Amino acid sequence: MMQAISWLQEIRSLVSWEARKVAKLIHRQPVMMLFAIFLVLTGGIAHVLAFLLPLKVILLAGSTGIPSYFTPIVSSPEYKTELIVALSFAAVICYVLGLTAEAGAKKQSQKVGAHIGSVRNDEPDDSELDEVSDLVHQFVSLTADILFTLLALAAFALMNPPLGAYIVAVATGGVLIFGALRTRVTVGGETLGERALRDTSNIIKLCASIIFFGGFFAILLPLFFTENPNILIAIISFVVFRRALSALSSVVRQTVKFGTNRASIDETIVYEDEQKEAMPSSTLSVIFSKDARELRIRELLSDSLDPDDHIDVHWTDTGPRDVSLFEIAIQRPSENEPSTLYIQAVIPRGPKNLLDRERELFKELEHEKLCAPAFVAEFQEGDFDCRIMRVGESVRASREQRRDAFNRIFTRIWSVEPPRSLQADPEFARPRIVRVLKDSFCRNAALAAESDSDRHALANFLRLRPSILEVVEQAPCYIHNPDMNANTIYPLADGEAIQPIWSRWSIEPMGTTLPTPLSVSEIEASLELVRENRPSIPSDFTTNHLLLIDSMTRLMQLLSARRYRASIDLMKRVIENPVVIALSNPEQTSLNGRSSRPVQAETSTSSA
């Protein structure tokens, strides 16, 4: 019962949001929006007429004289030919009118989209305009489909009240059945809500058809078999009902799609009174200007600072995507005392709060385990979340020293087993490699298969792909940080290092991204150190597995970038990995395809 109430509240919230969006669009551009809705509605009616009028022509031409259901139009048989010609001509006009109305509606949507796009950006590019125009047209079509369904219901209520009541029952039943399926049924690990973008329309049509065939003909059959059957009315009822059912299916499908992309739609369709500066000047002056930065830091760190301490704040380019970093060096009056380094991170607040994601991680793990700095202060300024972290006594390091420090920190992070509470999170139930490298996605590389050798390698890889992904899925996991590399860490005077930002962490199999360049002997040494802290790692999990998982990660990146030639070359190296060779020769395979054979194919890792 509570689940049903929750689902109805979700639907009510979504419908209210859609109504506000449509009302806002109409309020901003009333003439163009209403005209676009009228054109879509007219086009839908014209398409129905373009189907019905030829049926009238067939019925009229195939009958002797004038059927009774045509007598309100023409009663004399001598005008039968003229009526057939008129109906045929009207059918052609309706067909052309439907196409013209659809084109006109898209044109009006483009005009509204151009207006909204100019609000977002003074010089929007074509892709931005197309995106906004497409969203506007979807809202227009949704509104027109709702109006068409209501008009069809009104027509049924006038022609046949039981039929009007029946379509209400069909609509209600279809929505409720979809709601029950959406929340309870899973297909291939996904709920129907997640699959809605692909097949909601088919699901709704199937559910509605089950109800439709059960009772619709019980209402229409009397129209065929009464003493004076009105076949024309029966056919019109059938066609309009089916079109109304399609409109209802479209409404539900579009509603689910909007619900899935609500956040991105809110960011795309922006009006004048909602437009905000990405970085308001007042916020910039407080956060980013040098004097304001130093004043704010002295205020926040007052307990740790003396009045004579010198503060020097510098922008750094090492911040990951969407994160601005400042290095704060605090120097004591004594020249012999080393400076203490702090880091200030400035993160724009958005639908996915990156700081909240970090807090979730460090609720389960201590900062020191992941070589993360301690948080000193957190505050908000305008649309930005800010955090100050204490690094300690940092040192200038050469490129080689940074690489060595990064390898050490990477080994330490591998040594930390992810807490079970985090591994139980559905978001991390399957590694990203397994979720992305679907069969259809990998088959795109066939575009670059130019020789028999390429095609043979691709076929072998596709054949072995499920087994390879099973090995990947069963590999030991670690806390993966995609923003961590040799340039983002801060080496310390004691030989350790600090990684300040963990906002995009995830749980991935070991080997997802190996440090580069790194020799096989260094990987083997790191794995042996990790085993000392994580005895749960299977003894038959070898360096070959790490190299295989690293290769699969790079393959995912290459395919995503549509670098299909390089993808096929990498597939050839993957199927030469000893673990994969063991998979293709089961008699040489130990548990989960793990083999203890020595590394043959790769001597060092490389980056995609």
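Got a sec? How would PHE326, PHE441 order by Cβ neighbour count within 10 Å, fewest to most?
PHE441, PHE326
What order do you get for ARG243, ARG253 when you list them from fewest to most C-beta neighbours inside 10 Å?
Taking fewest neighbouring Cβ atoms as first place, the list is ARG243, ARG253.
What is the sum of charges around VAL391, taking Lys and Arg as +1, Asp and Glu as -1, for the other residues whose C-beta is under 11 Å from the C-beta of VAL391?
On the way: positive: ARG390; negative: GLU327, GLU393, GLU496.
Cβ neighbours under 11 Å give a net charge of -2.
Can you sort VAL395, VAL323, VAL471, VAL140 so the residue with the fewest Cβ neighbours within 10 Å comes first? Working shown, then result.
Details: VAL395 14, VAL323 19, VAL471 22, VAL140 28.
If I rank by nearby Cβ atoms, fewest first, I get VAL395, VAL323, VAL471, VAL140.
Residue by residue, what Karplus-based ³J(HN,Hα) values in Hz, rounded to whole numbers, does the range 361-370 have, using 6.51, -1.76 and 1.60 with θ = phi - 60° and x for Gly and Pro?
5, 7, 6, 9, 10, 6, 4, 4, 5, 9
Taken together, the values in this text are just the output of simple stated rules run on the coordinates, not laboratory data. Just so we're clear, the structure is a prediction, and the values are computed from it rather than from any experiment. For neighbour counting, all protein chains shown are included, and Cβ atoms are generated from backbone atoms with ideal geometry for every residue, glycine included.
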